[in-house]
Amino acid sequence: MEPTTSGNQSLLVQLLSILRAIHWSHWTAHWQVKGTPSYGDHLLFERLYTGLAGEIDGLAEKIVAYFGVEAVAAEPSIGTAHQFIAAYDKAGDTDVYLRALKMELHLQNALKRVYDQIEASGEMTLGLDDFLMALANAHETNIYLLRQRLRPSI
């Protein structure tokens, strides 16, 4: 069975918007790092944002397969991504490392919510299950890397 309900469509489209927002934020942080370890941080954020590009594409293709091309229209996705980023701006999250970590943690919560709701609807496919699990796993690695970077030097 494929996820066909409009509630599942909305969940997956929102997840796509979150991924696009995090991609944009990590890419911007890639340019904003400064200080002594800045080259290493530049590469860290490059690793984070480049990994997201394939994930975004993979999720968008699944959404199109399940719900049609209209489901990935640019304007609603960009609007939701903007709201996601703006919420961090309003919260005053200007430290690029802490902001990135908070976004990655937010993504993990969103993935759990999406997974649980689609599973409960009985419309989880093996492929979508695998995709969401792999996405969560990859972003747990991102959380580890950001926490290591934020850990005080000894």
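The values are calculated or read from the model by the stated rules, or taken from the named source; none is laboratory data. As the structure is a computational prediction, the values presented were derived from the model and not from experiment. Cβ atoms come from the backbone with ideal geometry, glycine included; neighbour counts cover every protein chain shown.
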Can you tell me which condition Ile56 does not meet? The list is (1) under 15 Å from the mean Cα position of the chain (by Cα); (2) on the phi > 0 side of the Ramachandran plot, and all the others hold. (2)
With the structure loaded, tell me whether Tyr97 is under 23 Å from Trp31 (Cα atoms), modelled with pLDDT under 95 and among the aromatic types (Phe, Trp, Tyr) or whether it fails that test. yes
If you scan segment 1-14, which residues turn out to be touching a residue at least 40 places away in the same chain (Cβ under 8 Å) and either farther than 30 Å from Val96 by Cβ or among the hydrophobic types (A, V, I, L, M, F, W, C) (or both)? Met1, Glu2, Pro3, Thr4, Thr5, Gly7, Asn8, Gln9, Leu11, Leu12, Val13
Taking the stated definitions as given, is Ser17 surrounded by 12 or more Cβ atoms within 10 Å (Cβ to Cβ), within 28 Å of Asp129 (Cβ to Cβ) and in contact (Cβ under 8 Å) with a residue 40 or more places away in the chain? yes
Would you call Val96 within 20 Å of Ile143 (Cα to Cα), aliphatic (A, V, I, L, M) and in contact with an Asp or Glu (Cβ under 6 Å, 6 or more places away or on another chain)? no
Restricting to segment 1-57, name every residue that is among the β-branched types (Val, Ile, Thr) and at pLDDT 95 or above. Val13, Ile18, Ile22, Thr50, Ile56
Identify the single condition in (1) surrounded by fewer than 19 Cβ atoms within 10 Å (Cβ to Cβ); (2) closer than 17 Å to Leu107 by Cβ; (3) touching a residue at least 40 places away in the same chain (Cβ under 8 Å) that Ser25 does not satisfy, given that it satisfies every other one. (1)
